[in-house]
Amino acid sequence: MSFELSVDNVHSYLLGRGLVPEGVAVRAEELAGGVSAAVVAVRGPGIALVVKQALPRLRVSDEWLAKQDRTETEAAAMRLCARLTPGRVPEVVDSDASVHVLVMGLLPDEARNWQAEVAEGKAHADVGCWAGETLGVWHSRTAGDEAVAALLDDFDSFEQLRLSPFYETAMERRPDLAVEVAPYLAELRERRRCFVDGDFAMKNVLVAPEGRWLLDLEVAHYGNPVFDLGFFLSFVLLSAIRWPQIAAEMRALGDGFFAGYAAAAGAGFAGGEEAVTGHTACLVLARTDGKSPAQFLDDPSRDRARDVGIELLRAPEKGLWAWL
């Protein structure tokens, strides 16, 4: 594949796909923040689109390769989630498997990234319940669904983008913890039961006065739901560590997430508290010692996060907030 999406060629690409009319001027702007895709916003009269192409090599210091056809998986997952929870994901406008490009509706300008808001001291703790409810619907309404399993049967991208760079790399770099991490890794590979987002986190949620939306479903697969809970909660814990002045609000956010999830899926659907805590610990360590360190951590908070991750991994029965 020779086409590489950019602000310079996105207009001609959209013209070729019949997604913008001839003779209409548009503005293209590359959107920052992601490591796994080129993302361009396109605006013009009556036009508000996001164009996304998965990268074969992710933008991190370590070599990190992944299949580009995860874009097609993302399109399928977004359509599925739009049916399950209308209005909570962007509209899929077009999906082009020949060059692995996805075109979506552009969300309102006032929509703000939730993780960026947290960094500014605005926790939006009330959104935790909404996030948990949304995830609970996705999980519970796809459990045991053979059609969903067939639709999202590509487990390779999850291996390439999560299990290998997060769990396996953490085990390689912290061999003293490998024995504790290994059972959690095996569980994700062996117990697959419903739709799993694979990237469900505050960094992929936009919040606005008029709505909330979830983004980035390129790691979606049919798998073990406990991963999504651990992944989301790892960001909650890391944020509480990085900004201790909002730690109480982050804990409230996490409690609301659990409540919303239980209301939609049933308490314990994805696993008991100890299992969720263990996976959260693994994913905290993945963001300190894996291939994709959390960019919002500074050196002191990274050291503290590592200590918390080890503490939770070795004693998950004490609960998610035992370190506070």
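Ordered from longest to shortest, the equivalent ellipsoid semi-axes for the chain are 32, 21, 20 Å, each the square root of 5 times a Cα gyration tensor eigenvalue. The separation of the stretch 114-189 from the stretch 1-53, counted between C-alpha centres, amounts to 29 Å. Between Ala186, Ala170, Ala116, the GNM of the chain built on Cα springs shorter than 10 angstrom shows Ala186 fluctuating the most. What is the angle, in °, between the Cα long axis of helix 127-140 and the longest principal axis of the Cα atoms in the chain? Nearest 10 is fine, range 0 to 90. Once rounded, one gets 80 degrees. Toward the positive end of the charge dipole of the chain, with +1 on the Cβ of Lys and Arg and -1 on the Cβ of Asp and Glu, the farthest Cα among Ala270, Met78, Gly128 is that of Gly128. Tell me the net charge near Val26. Cut-off is 15 Å between Cβ atoms, Val26 excluded, with +1 for each Lys or Arg and -1 for each Asp or Glu. In short, -1.
How do Glu91, Glu180 line up, fewest other C-beta atoms within 10 Å first? Before the final figure, lay out the partial values.
Working: Glu91 14, Glu180 18.
Ascending number of Cβ neighbours within 10 Å: Glu91, Glu180.
Given Cβ point charges of +1 (Lys, Arg) and -1 (Asp, Glu) and nothing else, what value in debye, to the nearest 20, does the dipole of the stretch 168-320 about its Cα centre take?
On the way: 17 positive and 23 negative charges, 7 e Å.
About 40 debye.
When the Cα positions of Val148, Leu188, Trp243 are compared along the charge dipole of the stretch 112-318, Trp243 comes out farthest toward the positive end, with charges on each C-beta of Lys, Arg, Asp and Glu. How much net charge surrounds Ala286 when only other residues with a Cβ under 12 Å from its Cβ are counted (Lys, Arg +1; Asp, Glu -1)? Overall, the nearby charge balance is +3.
By counting other Cβ atoms within 10 Å of each Cβ, how are Asp176, Asp94 ranked from fewest to most? If you can, show how the numbers build up before the last one.
Details: Asp176 8, Asp94 15.
So the residues, fewest neighbours to most, are Asp176, Asp94.
When Lys291, Lys122 are ordered from fewest to most other Cβ atoms inside 10 Å of their Cβ, what list results? Ascending Cβ contact count within 10 Å gives the list Lys122, Lys291. Considering helices alone, the calculated mean residue ellipticity of the chain at 222 nm is -13000 deg cm²/dmol, with DSSP H runs of length four and up weighted by -39500 (n - 2.57) and normalised per residue.
Compared with the dominant Cα axis of the chain, that is its longest principal axis, helix 70-84 is turned about 80°. Between helix 178-190 and the chain there is an angle of about 50 degrees, using the helix long axis and the longest principal axis of the Cα atoms. Placing +1 on the Cβ of every Lys and Arg and -1 on the Cβ of every Asp and Glu, with nothing else charged, gives the chain a dipole about its Cα centre of roughly 260 debye.
Throughout, read-outs are computed from the coordinates displayed, never taken from laboratory work. Just so it is clear, the model here is predicted, and its values are computed rather than measured. Note that each Cβ is placed from the backbone with ideal geometry, even for glycine, and that neighbours are counted across all protein chains shown.
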